[in-house]
Amino acid sequence: MSDTTAPEPFAALRRALSDASPPVRRLMLIGVIALSILVPGAALFAPKAAGATNHTIAIKNFAFTPDVLTLAPGDTVTFVNQETDGTVHAIRGDFTSPDLPPGASFMVTVATAGSYNYYCSFHPYMTGIINAGTAPPSPSPSRSPSASPSPSRSPSVSPSPSGSPGTSPSPSVTPTTPPPGSAPCDNPALGADQGDGTRLAAYSLVGTVKVFKLCMSQTDWEVSPGVVKQAYTFNGIVPGPTIKVNEGDQVRVIVQNDLPEHTAVHWHGMQLPNAQDGVPDITQPHIMPGNTYTYEWTAKSTGTHWYHSHMGGGQVGRGLYGALLVTPTLGDIAADKHYTLEIGDGSNGFTLNGKSYPATVPLTAAVNQKVHVRLIGTGPEMIHPMHLHGVPFQVVAQDGNKLASPYTVDTLNVGVGQTYDIVFQPKEPGKWLLHCHIFSHSEGPNGMIGLVTIINVTP
């Protein structure tokens, strides 16, 4: 039997109204109406819906799970903070919660059909959507912006194209038309698998210019077995393809935005003309959904760098980043094996090259081989002490710059935006861990998780 009786507080209110004189009753009713207006979404007199369902959204590893929930009007949703490292979250947007320490919960009843967007006020890259009743379906993994949630209500997305997101500060940075050939999103291309979970970016030569094409789109991305995130990707993968060029190369990158929000791309660590730096409203206009923008510069900054969106940490946290490697004229760091690990801690979870253990790709080496690993802190929020088991490593470069005096450690703090090049030689065969040493980022009650990969060393 459905429960249609008023909750106890409302029964008391009803008795108070019946006992009050008409003038007082009118004042009381005015106050109740005013309260209902001041508290959006509060169904003060709504009966409990027959068959209403309670749904749970877990807040864990700096993500809402599920981050897209479809339910019926009248259902309730309970948010539960399941973090194990003391992290506090607070929900804002179409819902407002108090601060939620680990173990705390917050419940809301979604009384009206619609699409509701929310985010964490402490970690804005954490976002979620609740679709109730006749609301639009959850965002499609297709690249059409029209299939994605409306940016107008989501706190994590930028204003719609009808707003003025900024104008070009000079004629030299206006969007350019791509050269003849297919647009980046017509058939996103990828280069060779690098054996570490990354792929090279494909390019074509136009005269002496290396031309890369990057398509920014929303994609269903499996982070670990059975865990699928609605990621933002370059050419359909997280991380985006590695752009690898030589010192002195002329580089052109054509970027097409097939996301539901505007963006730009920053070439982190590059010495280049200011107009090519990729900061919206400062050096260029926003790349609006459906538009294409071309960057062009000469590769001068050698070593390990990266590229990423420059439109809020939420986009980076969802996967808009990739390695940018510039090989010096005198040659790369000498090693038998070369790998890249891009460390992420955004709404995709704790990831190495877009995957959480046990889905991370093992690295291979033989005893006494020289192994070179590029560590890139993509964030968007945390510092990660990366620790190698079995043997110390030598830090030989930072932010693309070779160190005059390399140093030896077994744990190295990698901050957001930083890159390090490390070199080591395994001494014993076996499966050796390389992981973040913040335990909640790499270990769970059932074993290793998150920021963990294995070095498979053969004799």
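Read-outs: derived from the displayed coordinates by stated rules, not from any lab. Model, not experiment: these values are computed from the prediction. With ideal geometry, Cβ positions are generated from the backbone for all residues, glycine too; neighbour counts draw on all protein chains shown.
Length gain on complete extension for the stretch THR65 to ASN368, per 0.36 nm per residue less the alpha carbon to alpha carbon distance?
104.8 nm
Say each of THR56 and SER121 gets a label point 7 Å from the Cα, pointing the same way as Cα to Cβ; how far apart are those two points in nm?
2.6 nm
Return the distance in nm (one decimal) between the two label points of a simple spin-label model at MET107 and ASN456, each offset 7 Å from Cα along Cα→Cβ.
Here the modelled spin labels are 4.9 nm apart.
Nothing charged except the Cβ atoms of Lys and Arg (+1) and of Asp and Glu (-1): what's the magnitude of the dipole of the range 308-459 about its Cα centre? Round to the nearest 20 debye.
Using Cβ point charges on Lys, Arg, Asp and Glu, the range 308-459 gives about 220 debye.
For GLN394 and ASN274, calculate 0.36 nm times their separation in residues minus their Cα-Cα distance, and state this gained length in nm to one decimal.
39.7 nm
How large is the charge dipole for the range 171-327, taken about the Cα centre, if only the Cβ atoms of Lys, Arg (+1) and Asp, Glu (-1) carry charge, to the nearest 20 debye?
Dipole size: approximately 160 debye.
What nm distance separates the two modelled labels at ASN446 and VAL228, each placed 7 Å from Cα along Cα→Cβ?
The modelled label-to-label distance comes out at 2.0 nm.
Could you please rank MET107, MET386, placing first whichever residue has the fewest other Cβ atoms within 10 Å of its Cβ?
By the 10 Å Cβ count, ascending, the order reads MET107, MET386.
For the range 333-338, what does the Karplus curve 6.51 cos²θ - 1.76 cosθ + 1.60, with θ = phi - 60°, yield as ³J(HN,Hα) per residue in whole Hz, taken in order and with x for Gly and Pro?
Working through the residues one at a time gives 4, 6, 6, 7, 10, 10 Hz.
Which aspartates and glutamates, if any, have their Cα less than 18 Å from the Cα of LYS337, not counting same-chain residues under 8 positions apart?
ASP193, ASP196, ASP421, GLU428
Please rank TYR407, TYR293, fewest neighbouring Cβ atoms within 10 Å first, as an exposure proxy.
Fewest-to-most Cβ neighbours within 10 Å comes out as TYR407, TYR293.
Hey, quick one: spin label on ASN246, modelled 7 Å out along Cα-Cβ, who in the range 314-346 has an amide N within reach, i.e. under 19 Å?
324-335
What ranking do 88-94, 284-290 get when scored by the average of other Cβ atoms within 10 Å per residue, highest first?
284-290, 88-94
Which of rounded, prolate, oblate describes the range 330-459, given a ≥ b ≥ c as roots of the alpha-carbon gyration tensor eigenvalues and a/c under 1.5 marking rounded, otherwise prolate only if a/b is larger than b/c?
Oblate, because a/c is 1.5 or more while a/b does not exceed b/c.
Only residues of the range 214-238 count here: report those whose backbone N is under 17 Å from the spot 7 Å along Cα→Cβ of SER182, or say none.
Those under the cut-off are 214-217, 234-237.
Using only Cα atoms, locate the centre of the range 376-419 and the centre of the range 214-246, then give the distance between them in Å, rounded to an integer.
24 Å
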